[in-house]
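Beneath this line is the structure, given in C-alpha cells, with notes to follow.
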Number of protein chains: 2
Amino acid sequence: MAARPSEAATPIRTAVADEDGIDFALIELVFFAYRDFTSDPDQILADYGFGRAHHRVLHFVNRRPGLTVAELLDVLKITKQSLARVLKQLIDTGHIVQVQGPRDRRQRELYPTAKGRSLALALARPQSRRIAAALQDAGIADRSSVEHFLKAMVNPELRAQIDILPRDSS
Amino acid sequence: MAARPSEAATPIRTAVADEDGIDFALIELVFFAYRDFTSDPDQILADYGFGRAHHRVLHFVNRRPGLTVAELLDVLKITKQSLARVLKQLIDTGHIVQVQGPRDRRQRELYPTAKGRSLALALARPQSRRIAAALQDAGIADRSSVEHFLKAMVNPELRAQIDILPRDSS
DNA sequence: CGAAATATGTCAGTAGTGTTGACGTAATTC
DNA sequence: GAATTACGTCAACACTACTGACATATTTCG
C-alpha cells in the first residue's frame, strides 16, 4: 500500500462541497445538534454516576410503563448484555422496579418509581427547552413539519415503534 | 434507601405525557432519527475496521482541508488522546496525510488523500440520501427551515464553528 | 406428560471511544 | 534564554457496545 511513502499520499487541498450533490451542510448540522442535545442530560447523569445508556432506559420505561425486557431491547436495538448492567443499576438505585408479568410469569414488566419518574423529567426538561427554543428561533410555528421530517429520517420498518409510544396529543 | 423493599418501590403505571409541558415526542424522534442516520455509514466503516470516530475525523478533514490538530480537537470536542488513536490509523491507512504548517512548523495540517476523499464521499452519500428523502417525505420544499432549526439546537457559543465550514451555496 | 420454545439472567471475553494526568520534543514568542 | 505553544505519546481507567455460551423458570405444543 505505502510502497513509496514519498509520493503515495498526495494531499487534496480543496474542500468537499456539492460533489455528487451531497448535502454536507445538513449532515454536519445533525452531528452538531445531536452532540449538544445530549450534553444537557449528560451533565445531570454524571451526578448519579449514570451514563447515556441509563438515560435511554429510564426514558422508555417512563414512556411505556410495563414494557417487558424484550420490548425494551427491541426499541433500543442493543443486546441483552448491554442492557443488563444499566438496568440492574437503575433497579438497585430504586429508579425502576420489575413486576412479574401477569399473564406470562416469565416476563418482567418494567415500571418507573416516583424517583425514576422524577429523574426522567429532570433529564427531559433541558432537552425540551432546547427544542422549543430552536423551533422558536427558526420561526417554526407548526411543530409537525419538524416532527414529520425526523420521523421520515427513521428506517421505515422501525417507525412502528414510534407509533406505539404515546403522543403529546393523547 | 431500600429499607423495606416490599413497599419502598411503588411502580408508576401511567405513562409520562405532557407533564410540565415536556416535548417527549420530539425528544424521542431525535434519538430515533440519529440512531438510524448513523447506521448507514457504520456498516461501511465496519468493512474498513473503522468506527464512528474515524468517520467524524475523516468528514471534517475533508470539509476543512488543512485543519490543524488543535482545530480538529476543538470541533470534535474530544481530547487529544481520543483523537490520537483514530488519526494515527487514518494516516497509516493512507486516508489522511499530515503536512508541516507553512508558517508555524509546529503545526500539522491535515489533508485527505484521494483515498480519504473517496471514503468520505461514500460515507456521506447514504446520509445525504436519507436527508433528501426525509425532506421530500415531509413535504419540506425549503431546506432552510430545517437548517435553521438544527443550527438553533447547537449551543450558541459553538455556532461559530459551523459558519467556518464551507456552505453548499459557496 | 414430556419436549421444545421462550423470557430472562448471568458469565467470560473483547472492542471502540471517551476520559485524566503526566511527560517529552520541537518550534515560536517574548 | 525562558516561557509558551503544538503536538505526540504513555499509562490507567470508565462506559457502552458486542459475541457466544450457559442456567433457570415458564409456557406452549405435540
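The values are calculated or read from the model by the stated rules, or taken from the named source; none is laboratory data. From a predicted model like this one, the values you see are computed outputs, not experimental measurements. Here the Cβ is made from the backbone with ideal geometry for all residues, glycine too, and neighbour counts use every protein chain on show. Areas reflect the complete protein model, heavy atoms only, side chains present, ligands, DNA and RNA absent. Shrake-Rupley method; radii C 1.70, N 1.55, O 1.52, S 1.80 Å.
The table below lists the values:
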{"item": "Förster radius 22 Å - calculated FRET efficiency between A:S144 and B:E19 (Cβ-Cβ, nearest 0.05)", "result": "0.55"}
{"item": "Cβ-derived FRET efficiency at R0 41 Å, A:R85 paired with B:K80, nearest 0.05", "result": "0.90"}
{"item": "Axial C-alpha extent at least 18 Å, average Kyte-Doolittle at least 0.5 - helices from chain A (DSSP)", "result": "none"}
{"item": "Carbon/sulfur fraction of accessible area - region A:34-163, other protein chains in place, 1.4 Å, %", "result": "50"}
{"item": "Semi-axis lengths, Å, the protein assembly as shown, gyration tensor of Cα atoms, sqrt of 5 times eigenvalues", "result": "40, 23, 18"}
{"item": "Nearest-to-axis residue of chain B, judged by beta-carbon position, where the axis maps B onto A, in Å", "result": "B:Y34, 2"}
{"item": "Residues of region B:84-152: accessible area per residue with a 1.4 Å probe, Å²", "result": "51"}
{"item": "Average partner coverage of A:116-128, which counts Cβ from other chains inside 10 Å", "result": "4"}
{"item": "Reachable aspartates and glutamates, given that their alpha-carbon falls under 16 Å from the alpha-carbon of B:K77 and they are not under 8 places away in the same chain", "result": "A:E28, A:D36, A:D40, A:D42, B:E157"}
{"item": "Within region A:34-163: Cβ-based charge dipole about Cα centre, in debye rounded to nearest 20 (Lys, Arg +1; Asp, Glu -1)", "result": "420"}
{"item": "Mean separation of Cα contacts under 8 Å (6+ apart) over length of chain B, as relative contact order %", "result": "21"}
{"item": "For the pair A and B, total buried accessible area rounded to nearest 100 Å², probe 1.4 Å", "result": "7900"}
{"item": "Listed peptides B:97-104, B:146-153 by packing density, highest first (mean Cβ within 10 Å)", "result": "B:146-153, B:97-104"}
{"item": "J(HN,Hα) series, region A:99-105, from Karplus relation 6.51 cos²θ - 1.76 cosθ + 1.60, nearest Hz, glycine and proline x", "result": "10, 4, x, x, 7, 10, 6"}
{"item": "Label 7 Å beyond Cα on the Cβ vector: B:A70 copy-to-copy distances, nm", "result": "5.7"}
{"item": "Chain lengthening between B:R159 and B:S118 when straightened (0.36 nm per residue, less Cα-Cα)", "result": "12.0 nm"}
{"item": "Efficiency of FRET between B:R52 and A:Q100 - r from beta-carbon atoms, R0 41 angstrom, step 0.05", "result": "0.60"}
{"item": "Dimensionless Rg ratio for region B:24-153, taking C-alpha atoms and the 2.2 N^0.38 Å reference", "result": "1.19"}
{"item": "CD proxy at 222 nm, helix term only [per DSSP H run n ≥ 4: -39500 (n - 2.57); per residue of the protein assembly as shown; nearest 500]", "result": "-19000 deg cm²/dmol"}
{"item": "Within 10 Å of each Cβ in B:79-90, the average number of Cβ atoms from other chains", "result": "0"}
